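The values are calculated or read from the model by the stated rules, or taken from the named source; none is laboratory data. As the structure is a prediction and not an experimental result, all values here were calculated from the model. With ideal geometry, Cβ positions are generated from the backbone for all residues, glycine too; neighbour counts draw on all protein chains shown. Heavy atoms of the whole protein, side chains included, go into the accessibility calculation; ligands, DNA and RNA do not. Shrake-Rupley method; radii C 1.70, N 1.55, O 1.52, S 1.80 Å.
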Amino acid sequence: MTPWTALSASCIAAMAAVLAAGQARAQEITEVNWSPMREVVFHSSNFPSSGTEADRQMLQSIWGRELTSTRKSASGQALPAFALVGDVQRGGRRVVFSMFSKAGTDRCEDPENGAQVTDIYSVCSLRVTPWPMQGRQVADLPGYCMIFGTQRDKSRIEYAFDATDSLLRLRAIQFGKVVPACSRSLRLG
């Protein structure tokens, strides 16, 4: 075997090892346990909630200011507000992450409207809050997709948490398919 052949063989072996490691990592990511964010609806009984009463109370604390500034319909009734919530345990503490949307809010960019439009998600800020809240230690992070009020078996926001890396992953499922533009990850510090 010539030195060139030996070098080529070692380069090929190294590339194969890198590819195998990359494929294993990709497989780890797809085999993550995804959980749907829970949906809580305020000011309406026409939309179902998947969140609990405890979720509702927690969100009223986290989004209190936004909830008290309700918009009203022409008849004087408060218009509905929607929140998505998830939580994880990190280092013995609970971390809550949530999104909030209501009519007339500037917190979200609504999806486009029209016959040719296929995307149903809004782009909103994600609020990350240690729970229970201590002061106002809150982080608002822009650019997260929010889907609510749809068939949850086909369209929803999901999250997964890797405690080893303190990495929170969020993704959107729209009409049964992952929306790559909505996949985000966040390291919880």
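With a cap of 15 neighbouring Cβ atoms within 10 Å, and only residues DSSP puts in a loop, list the chymotrypsin sites (Phe, Trp or Tyr not before Pro) found in the range 107-189.
For chymotrypsin sites (Phe, Trp or Tyr not before Pro) across the range 107-189 that sit outside H, G, I, E and B with at most 15 neighbouring Cβ atoms in 10 Å, the list reads 175.
Which of the trypsin sites (Lys or Arg not before Pro) found in the range 71-138 are loop residues per DSSP with 16 or fewer other Cβ atoms within 10 Å of their Cβ?
Loop-located and lightly packed - 71, 136.
In the range 131-189, carbon and sulfur make up what percent of the accessible area (probe 1.4 Å)?
Of the solvent-accessible surface of the range 131-189, carbon and sulfur hold 52 percent.
Let a ≥ b ≥ c be the square roots of the eigenvalues of the Cα gyration tensor of the range 40-181; is it rounded (a/c under 1.5), or, if not, prolate (a/b larger than b/c) or oblate?
Oblate shape, in that a/c is at least 1.5 and b/c is the bigger or equal ratio.
Cross-link partners among lysines for residue 72, C-alpha distance below 18 Å, same-chain residues fewer than 8 apart left out?
Answer for residue 72, where 18 Å is the Cα cut-off: 102, listed by chain and number.
With just the Cα atoms defining each centre, how far is the range 159-178 from the range 48-92? Give it in Å.
22 Å
I want the local charge near residue 103. Using Cβ-Cβ distances under 11 Å, sum +1 for each Lys or Arg and -1 for each Asp or Glu among the other residues.
My count for the surroundings of residue 103 gives +2.
For the range 62-189, with every protein chain kept in place, what is the accessible area per residue (1.4 Å probe, Å²)?
54 Å²
Probe 1.4 Å, all protein chains in place: accessible area of residue 31 in Å², nearest 10?
About 120 Å², rounded to the nearest 10.
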